[in-house]
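Just below is one structure, and these are the notes that go with it.
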């Protein structure tokens, strides 16, 4: 059975190779090949899943060793896969949502002349993402980690003719690289500390590293956090995600909502033992999570671009997950659970947004929407279900997962627990506010578009079916997972489990969650439902303007990094020319000058030469005499 | 009188000859100065011959004369040739050694 | 002959100081005289003095050779060349190379001091004298050395001399690379170039002495320089007759006036003195 | 195995040399024939290099194999001594592999010169290819030589053909008119020559010094690497500390110029920028490797103590190279100069790995040499194809190329990704090994060096963005033809190799590991031990880690 694991990755990889190298012959069938291989991968995953369910809880993990990758001295890396419950969860999510989005893209990209390539990239992404979650050591995970970064780069910049897309792609890759540096330093630290970087031995030894190793373990954990921040768009490396919306919408749904951006959560959960052994690092994790969930939410409130609003939301929701993961064993399972439910509803929301854009001539400004519910009923309903799920409407997926996280945050105890729980509650309120805002601006109110130019219409079947499936997931997944805490127990062998004890009981928390939710929705309705939405954005308060500009993060980056960097490189170029090269050319010039002086002795007059000869002879005589004298 | 004085005389004549080579521009006179230097050397050789009590110094002086003769023959021929082509015997005018 | 010992006699000392002075003066004249001929003559004097010194030092053969070969042959060669190149061609006194004269003087003095200091430093207190070496005769002694110890050098020197002789011939020989142009061709070329076609005019005749330095007069009475030999022209040795004729006319007029006015009492002296003035003018 | 009667190594070097002569001897009219002859000989050399690689037994004892040894200049103890270790085999294979591609890529490089002087004795094509083969022969011999003097000879001799290759053949894409371009090329060539000559002369002094020391202490002077190493190990030869350091510096200076290490790097951008791109590949992928290779073989093995003594300074210089090269690459406006500065950064990594004195560092550095050769060749050759199409090296003259030539853009991107060490491509393996090797002994330097990774991404992606993406710059860009078959034949195998070695570098590491271990044993260094003992053998655990309830509770 474990031999099937490689097949999971191989299928999309073959697809990518076929589509990218296949040439024009595959232009007409390429998208179906890609979709088929994604579905094939999902089928394999399903087989493996049923097989896993059939085995005892302790014996569910599978391991496949393909070959030795890099053996140099004590450094030993394998190409080997590990499929345990955590990986399985991800594999199902990735292949499942991935297949749906492949299907959706068939319709969405129908008129793009480079569709074949798009599917090749999508398949490449699937392969890399699967590699990431299936790797049995950190180095192989790193390969997947950068692989998804590459796929993300290619897909964000898919419409390369748009300079903004190319810039966004580059930015995403670069910011991710900063995070990747964290991962690579973590691997180096792992190697020097433990002599290996395979998951099993490292995680076994993490707890027993002893006091001498705690500093090292903390450092490793912090570096892993840096990596997670880069990939999952957490503060301070969050700036790329908003720009990444330049990519085609299916990409935003798959990569920048459902799967890739959650890789940071996977990394932290997977390295749980390391974080558990480093409390300081855990504090950092929850701090990052809490800050980001508020940051993302605030940014999401101010954006008029529907995809960017959703991107802010993604940031915020992943903040929840990171925070949950940082809480330790009481949070891992809920982090993953929220991740899965988020995968469903956020992918659904993005696909819905894509569908809207598809019908609106690729208009993204919500201020030009309005009243679309009649024109796009399916989109409206699926989007609405996703909306209810994300704000945590009781009974839907988001409610179960988010509520648990808030509960776990309070359960952390002490001031820290109160702060975290408060932040999570506040986040929930703001989530309700901005999602309601999106909903109202898009589907309700009067139309703010020109009927002569735009003809909103429902999308084709290939697009609506995935949306419907995902809407089902958004509605029911959370509930299903929570029956007897099925999901938590499923993950227990991997993530370990601890039950937290919130200071004021689960009911109070749930009640509070529902109350803040209602407040958020009500505020949004007061602002955007009752009053007509102006077609051009009002100037807004200072906060609004800052939030529109991603809370000035980009401006900071621009001033400090871009301009500073440009200055630095320009200075260096000048120095290279004047100082480093100048030292050498300077020597040459000096020699030239000296020889110029000497050359003047060679004036061509015999008598001058004769004088020099006599001078030389005199010197010789003098030296001879002096030598004799000495 | 000490025969060393001959050496002093030779040195003096040699120096005068050298200075002449440096100062004069007429190639013929320069040549004469060279002859003067050679003669000064010859005087020194002859004196040394006397000092050492053997004839080797005189032999060398003899060879010097022969070589000087040869040199004069060739040198004067060169001067004549140069004069023919350039209508001058000034060494400064023949400054083609410079690029 | 055998008496030539280490230390020199008083007579030799006197001879040294007198002739040595002459030699140094001659050397100085060689380098300081403006005209090459004078330099050559001064050098010849110095060489003769040196020949005497050779003799005094027991180098009889060399002394004779010095006079015969050096002074007699080589210096004469120099004189020939000087004549060939131009006896009067003198160096201009202006030094063209900046600082060369000072440099030369400085170097000369410094070098001389160094040499003399070196000799003074050397411990040349003991002398062997040539008594033994010249016992069998100076020439025989030299011959013995030349044909035994130095025979190779001698042979090589012979080769050198031959080479030098051939070299001198090659250098001075003017190779005719093309046919000498005939008179006809020369005149054609002259016409073509627009130069004077006819032979140059003859010098004027002034029947008092050899008149090649007197230019002939053109019809208007002005002198034509073309009629004088270029060498003389170069040297500025041209006598301008036109002035003389005028002066003569003037003198004649004066004479006749005097003749007419006073009756010839002191007249014959005047004509002889007048021609001298223009000659000086021309000399300038 | 050790002593084959057939002189395989000599043949591997002689074959391209013969090829060079044969190519050069062809008459002017047989231009195309000359190209094919050169290609044929280079492919044959590659075949021979493969034979060497298969004949070589990584497990065998003794540092060198396939050795040949003949007396040459007996009076000075100079011997014709050849031998290869794993590192040399890998680099010979790399050289022999790249030359056919270089020849193919430069198929038309000399054509423009043909028209310059149409007479029967004007044979630039023959000259171009003959020079390339001559460089190959000399490089291979320098990889094989185990006699210091023999090595020195070819180390220096390869400057001559390189000088003519740089100065004689241009890509006509500098934006200046031909006269000025020729002047700039000539100045770049002279700069190349002077720098390397200066390094070489200092090395010559050190070589002579080495001879003097051996002659003094061993009775008979020798240049033989093995003899000296053995004599030092057995105590017959003891170098004074000062002497050893001076000699080391003499050798190292030459290699640092060749490599090139900051601040001796300034010849490289000019030489690579002004020459044609196949020649640029020859410089950076082949010739410069002799420098880093020689650091491993000669600097470390001849002067182990001095190497340890100089390590801190060299590491800092290497670190500066990495960051400096990358930063300057970001600011370049000329594609080829950008790649040149990137190479400087990469050479910093190689030198860092060599002097980290760990098996990962040195193994990684060796791998890096091979991988960098391949990746730079891929990137540079594609860049060359691009430049030859537009006739300009300036980045600003491009934009939106991928619209017109997607294949070209794609291969360019893969080459760029290899340059930024994307995992899955070969350079990643080596770069990571170098970083790990450095980190395990010098953590701070290792961490700073990782900044180079980010900067690499920056310059590659900026280059790609400005040239390939966006709307097409102008009509000329819009009309750019895509890669031709010949060009695909050049780039395809290189990319395939990058992928293969990225996924399965084991053949290479197996080849290199024993040689690295030998070097380390000569230097007397061992890898640092991990701080926490882990009993598990990697890859034998099946499940995730068990839960640590008590830990979690303790954390609360």
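Values quoted throughout were computed directly from the atomic coordinates according to the rules given, and no laboratory measurement underlies them. Keep in mind that what you see is a predicted model, and the values were worked out from it rather than measured. Methodologically, a virtual Cβ is constructed for each residue, glycine included, from the backbone with ideal geometry; neighbour enumeration extends over all protein chains shown.
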Quote the FRET efficiency, to the nearest 0.05, computed for residue B:84 versus residue C:143 with a Förster distance R0 of 35 Å and r equal to the Cβ-Cβ distance. 0.25
Calculated over chain A: convex hull of Cα atoms, volume per residue (Å³): 259 Å³
Alpha-carbon gyration tensor eigenvalues x 5, square-rooted, for the protein assembly as shown, Å: 98, 42, 29
What order do you get for A:555-564, D:315-324 when each peptide is scored by the mean count of other beta carbon atoms within 10 Å, highest first? D:315-324, A:555-564
Distance in nm between label sites at residue D:108 and residue A:49, each 7 Å beyond Cα in the beta-carbon direction? 5.5 nm
Which distance in Å, rounded to a whole number, links the C-alpha centroids of the range A:9-44 and the range D:291-327? 47 Å
Nearest 500 deg cm²/dmol is fine: what mean residue ellipticity at 222 nm does chain A get from its DSSP H runs of n ≥ 4 alone, each adding -39,500 (n - 2.57), divided by its residue count? -23500 deg cm²/dmol
A student applying the Cα gyration tensor rule (rounded when a/c is under 1.5; otherwise prolate if a/b is larger than b/c, oblate if not) would label the range A:418-502 oblate
The FRET efficiency for residue C:68 and residue C:170, from their Cβ-Cβ distance with R0 = 30 Å and rounded to 0.05, is 0.65
Starting from the 7 Å offset along Cα-to-Cβ, what nm value, one decimal, do you get for the label separation of residue D:215 and residue A:489? 8.8 nm
Give me the angle, in degrees from 0 to 90, between the Cα long axis of helix A:163-194 and the longest principal axis of the Cα atoms of chain A, rounded to the nearest 10. 80 degrees
Compute the helix-to-body angle for A:397-411: its Cα long axis versus the longest principal axis of chain A, expressed 0 to 90° and rounded to tens. 70 degrees
For the range B:25-86, what class follows from the C-alpha gyration tensor (a ≥ b ≥ c being the square roots of its eigenvalues): rounded when a/c is under 1.5, otherwise prolate if a/b is larger than b/c, else oblate? oblate
With each pseudo-label sitting 7 Å past Cα toward Cβ, what's the residue A:583-residue A:25 distance in nm, one decimal? 5.8 nm
Rounded to whole Å, give me the distance from the Cα center of the range A:354-385 to that of the range A:582-626. 89 Å
Please report how far the C-alpha centroid of the range D:133-182 lies from that of the range A:293-323, rounded to the nearest whole angstrom. 58 Å
In degrees from 0 to 90, rounded to the nearest 10, what is the angle of the helix A:486-495 Cα long axis to the longest principal axis of chain A? 30 degrees
With eigenvalues of the C-alpha gyration tensor scaled by 5 and rooted, the range D:8-527, Å: 36, 27, 20
For A:268, D:453, ascending order of other Cβ atoms within 10 Å (fewest first) is D:453, A:268
Provide the FRET efficiency to the nearest 0.05 for the residue A:623-residue C:96 pair, computing r from the beta carbons and using R0 = 25 Å. 0.20
